Amino acid sequence: MKAKKRLFAGMLALAMLFSLNVTAFASEPSDGGTVSVSAGPVENVTLTKTYKLANADTTSPAETFTYTISRVSVTDAADGITNSNMPLPTGTWEVNYNEGEATVEGVEKTFVVKLPEYTSVGIYTYNIHENSSNNAGVVVDSHDVTMNVTVVNGDDGFDCYVALYKDVMENGEFVNKKINAKDAFENTYEANKLTFNKDVQGNLAVPSKDFEFTITLTAADGVVYADSYDIVNVSSGAVLDAITVSGTKVINVSEEDGDIAIKNLPYGVTYKIEETNAYDYEKGTVPANAEGAINETAQKVTFINTKGAGTIDTGVYLDNLPYIIVFAGVLAAVAVLVIRRRRVDD
């Protein structure tokens, strides 16, 4: 029994010793924490970006995301190595997405940062920046990634250990923290739909009656838009027309048409929908959201028109009292006849 206990204690001590060795290896870089890219020496750093849709039923444009890297600082290096001449990583830093490739869940792609040949130990710090995009609705990641490369003496030359840092949202504010390579950059395509419809009311309203509307879209400054955006019937999916940003379109809509939508409009586009011909129908109050800007809230604008005759002129006498009196007299006569017949029978 004692032998078994000694054996068990020995195995437990060995397991604890192995665990301590693994932990020491993982925290070897000079910044004192677990390396986000690799626990061991690396030659290249593979960074991951994610491209998402802010709203379903939108289509992202084709996009090439590009990156630049710059020197920040160097410490603990040999004499003569400064911020201005320290080695700079190389590579072609761009990520391509086809039209419609982004999803709500996000599509991940990677690019590789190749570390340079270092000639001295030291701690080398770089800044990785995502360049701006001109495509309307495409939001680039405005938070740069800081890459610390700790170069140490190895068994055969120098070994490089890498850690990544970035401002991340935490409890409602941005905090600079260590990140994983798969969380380097995130982009979003922000677009939404604009929907409007016609509602006719009153005893002379005709649901199939077409009403004329003028739609005006105005572009935001400094961005590029698609050539045009389809105007579609939501229920049938039929494309009724198309409109350009900074353009105007006249379209006829009836209540029977249901919802009409302009899809995939990037955030920042301003719009105005006007009913330009109500014919002999009474116009309702102009909806508050008939004019506004495309944002995270999908807008649905309903125009109400009324046509009624008021007091209906029939010319037909519809007083039922005489008929009720006659019917009551007939019932009384029948009752009298029944009573007399019973008396005769008796």
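The values are calculated or read from the model by the stated rules, or taken from the named source; none is laboratory data. Remember, predicted model here, so these are calculated numbers, not experimental data. As a convention, Cβ positions derive from the backbone with ideal geometry for all residues, glycine included, and neighbour counts pool all protein chains shown. Just so you know, the surface numbers come from the protein's heavy atoms only, side chains and all, with ligands and any DNA or RNA stripped out. Shrake-Rupley method; radii C 1.70, N 1.55, O 1.52, S 1.80 Å.
Data overview
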| read-out | value |
| --- | --- |
| All positions within the range 55-97 that are over 30 Å from Asp227 (Cβ atoms), open to solvent by 60 Å² or more (accessible area, probe 1.4 Å), of a type outside the set (Ser, Thr, Tyr) and touching a Phe, Trp or Tyr at 6+ places or on another chain (Cβ under 9 Å) | Arg71, Val72 |
| Matching residues, the range 65-116, being among the β-branched types (Val, Ile, Thr) and either under 17 Å from Val152 (Cα atoms) or in contact with a helix residue (DSSP H, G or I) (Cβ under 6 Å, 6 or more places away or on another chain) (or both) | Val74, Thr75, Ile81 |
| Scope the range 60-82; condition in contact (Cβ under 8 Å) with a residue 12 or more places away in the chain, charged (D, E, K, R) and not in a strand (DSSP E or B); matching residues | Asp76 |
| Identity of the residue in the range 102-117, open to solvent by less than 50 Å² (accessible area, probe 1.4 Å) and of a type outside the set (Gly, Ala, Ser), that ends up farthest from Met147 (Cα to Cα) | Thr103 |
| Cβ pairs under 6 Å, 6+ apart, first in the range 202-227 and touching a residue at least 40 places away in the same chain (Cβ under 8 Å) and on the phi > 0 side of the Ramachandran plot, second among the small types (Gly, Ala, Ser) and loosely packed, with under 15 Cβ neighbours inside 10 Å | Gly202/Gly308 |
| Close pairs from the range 33-54: first within 19 Å of Pro89 (Cα to Cα) and open to solvent by 30 Å² or more (accessible area, probe 1.4 Å), partner at pLDDT 80 or above and acidic (Asp, Glu), Cβ under 8 Å, at least 6 apart | Pro41/Asp159 |
| Selection from the range 233-249 of residues that are closer than 28 Å to Lys307 by Cβ and open to solvent by less than 80 Å² (accessible area, probe 1.4 Å) | Asn233, Val234, Ala238, Asp241, Lys249 |
| Which listed residue is at pLDDT 95 or above, polar (S, T, N, Q) and under 30 Å from Thr59 (Cα atoms), from Thr92, Thr103 | Thr103 |
| Residue that is farthest from Asn134 (Cα to Cα) [pool: residues in the range 214-225 that are modelled with pLDDT of 95 or more and surrounded by 17 or more Cβ atoms within 10 Å (Cβ to Cβ)] | Ile215 |
| Subset tally (residues that are without any contact (Cβ under 8 Å) to a residue 60 or more places away in the chain and not hydrophobic (A, V, I, L, M, F, W, C)) for the range 96-148 | 22 |
| When residues of the range 89-114 are limited to those that are over 17 Å from the mean Cα position of the chain (by Cα) and among the aliphatic types (A, V, I, L, M), the one farthest from Asn44 (Cα to Cα) | Val95 |
| Residue list for the range 162-196, filter: part of a strand (DSSP E or B), open to solvent by 10 Å² or more (accessible area, probe 1.4 Å), hydrophobic (A, V, I, L, M, F, W, C) and touching a Ser or Thr at 6+ places or on another chain (Cβ under 9 Å) | Ile179 |
| Test: residue in the range 261-274 that is open to solvent by 60 Å² or more (accessible area, probe 1.4 Å), acidic (Asp, Glu) and in contact with a Phe, Trp or Tyr (Cβ under 7 Å, 6 or more places away or on another chain) | yes |
| Hits in the range 41-59 - residues which are hydrophobic (A, V, I, L, M, F, W, C) and either under 26 Å from Val151 (Cβ atoms) or not in a strand (DSSP E or B) (or both) | Val42, Val45, Leu47, Ala54, Ala56 |
